[in-house]
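What follows is a set of notes on a single structure, which appears directly below.
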Amino acid sequence: MQSSAFGFPSSILFLRSSKTSNRLSNRRFDPLCHSSTSRSVEINSLFGVSASSSQQPSSLSFSLRSNPWSRVPSLTERRTSSFEVRATSVPDSADESEKSSSIARMLQLGSLFGLWYLFNIYFNIYNKQVLKVYPYPVTVTAVQFALGTVLIILMWTSNLYRRPKISGSQLAAILPLAIVHTLGNLFTNMSLGKVSVSFTHTIKAMEPFFSVVLSAMFLGELPTLWVVSSLVPIVGGVALASATEASFNWAGFWTAMASNLTNQSRNVLSKKFMVKKEESLDNITLFSVITIMSFILLAPVAVFMEGVKFTPSYLQSAGLNIRDVYIRSFIAALCFHAYQQVSYMILQRVSPVTHSVGNCVKRVVVIVTSVLFFKIPVSSINALGTGVALAGVFLYSRVKSIKPKAKTA
């Protein structure tokens, strides 16, 4: 009973299959007829139906499957092949994620610019308040480098930023940069101790002039006519603002000029004494190493030139509020390191031209906020000179990005 339920006897299968195969072998092969027949058999065999007769399902299917000419692609194969060549559309979620990531990058960059300006404003205000009552700019600058060194060491030890491996050749190349970096910040503090914050930053708008002169002298980079034209409003605006400045004195003027010279010398030296490409450091690491080296260079100079005059006993004997001086010095030093750190972070994300434009806007913000905070009397001619100088700086940053056309042979 079980064998009759599941299949035919083998003798019947053999006889029927042999008869059917003999009939098919006697017929000539007709491609058109055979193609249509085999296709119908294949389609019907999928549903368990015979093509010729319902009485001989197994013999017909057996004979056709044994014939090699009857092999055609099945429906599943056709579906698979059509699926392989079918184009897939880009999902809308990919575009949305790309837009959201670009918006996030813009918000992050805008936040960095805001922090850059905010830290710079607080540094100039608190630094000026300290230098008014504590006229020791070398010690103040050394304290600022000291706090920056402590923050960098904490950043490295806590793995907030990867601690670099510095070679002797790298230190030798960085040393000139550290020297001019130290002098640039020292001269800036000297100028802030002598004149107003707004006037110091107006004079520091002359930095492009020194950059062009030093690049032409030491790097052989001759400026274009557009660059030279942009220097005219800078020089004229600074001269006009200096002539009408209420707090003008030559010590503050020349120290601010010296700050321009040393800061732009740092940029020239970084190009002339460039470390090898395979040994180069990123901007944040370079700034960290320069800060530590600046503290090591300036600390003994501060003790030698001004003595140990930052102890509580000395401040008390000088009639100063110890807590007030220490807190304001700490905030100024913290903002000093923070705004420079953020500046280097921005420089890693944008082009130098964009960074230069942002620096010009930062100077405008610092000048306006210092005038409002310290209630500095500003004449209309003085404001005009400052505005013309800053407009020249903005124009310089724009024309600097214009590259000369390559000469065709």
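Going by what's in this entry, would residue 386 be described as over 23 Å from the mean Cα position of the chain (by Cα) and on the phi < 0 side of the Ramachandran plot?
yes
Of the conditions (1) open to solvent by 20 Å² or more (accessible area, probe 1.4 Å); (2) within 21 Å of residue 389 (Cα to Cα); (3) assigned to a helix (DSSP H, G or I), residue 169 clears all except one; give me its number.
Result: residue 169 passes all but (2).
Name every residue in the range 300-318 that is loosely packed, with under 15 Cβ neighbours inside 10 Å and small (Gly, Ala, Ser), in order of residue number.
Result: 307, 313, 317, 318.
Which residues, counting only those in the range 324-358, are more than 29 Å from residue 138 (Cβ to Cβ) and of a type in the set (Lys, Arg)?
Scanning the range 324-358 gives a single hit, 349.
So that you can scan it fast, the table gives a plain yes or no per residue for (1) part of a helix (DSSP H, G or I); (2) among the aromatic types (Phe, Trp, Tyr):
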| residue | (1), (2) |
| --- | --- |
| 285 | yes, no |
| 291 | yes, no |
| 300 | yes, no |
| 310 | no, yes |
| 315 | yes, no |
| 331 | yes, no |
| 341 | yes, no |
| 349 | no, no |
| 358 | yes, no |
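Determine whether residue 372 is among the hydrophobic types (A, V, I, L, M, F, W, C), part of a helix (DSSP H, G or I), open to solvent by 30 Å² or more (accessible area, probe 1.4 Å) and over 16 Å from residue 283 (Cα atoms).
In short, yes.
Consider residue 239 carefully, then state whether it is out of contact with any Ser or Thr (no Cβ under 7 Å at 6 or more places or on another chain), over 23 Å from residue 353 (Cβ atoms), outside any helix (DSSP H, G or I) and of a type in the set (Gly, Ala, Ser).
In short, no.
Test each condition in (1) under 19 Å from residue 393 (Cβ atoms); (2) open to solvent by 40 Å² or more (accessible area, probe 1.4 Å); (3) outside any helix (DSSP H, G or I) for residue 245 and report the one that comes out false.
(2)
Here's a check for you: in the range 220-239, which residue that is more than 12 Å from residue 209 (Cβ to Cβ) and hydrophobic (A, V, I, L, M, F, W, C) is surrounded by the most Cβ atoms within 10 Å (Cβ to Cβ)?
Among those that are more than 12 Å from residue 209 (Cβ to Cβ) and hydrophobic (A, V, I, L, M, F, W, C), it is 226.
The values are calculated or read from the model by the stated rules, or taken from the named source; none is laboratory data. This structure is a prediction, so every number in the text was calculated from the model and none was measured. Here Cβ is always computed from backbone atoms with ideal geometry, including for glycine, and neighbour counts include all displayed protein chains. Each accessible area value is taken on the protein alone, full model and side chains, heavy atoms only, with ligands, DNA and RNA left out. Shrake-Rupley method; radii C 1.70, N 1.55, O 1.52, S 1.80 Å.
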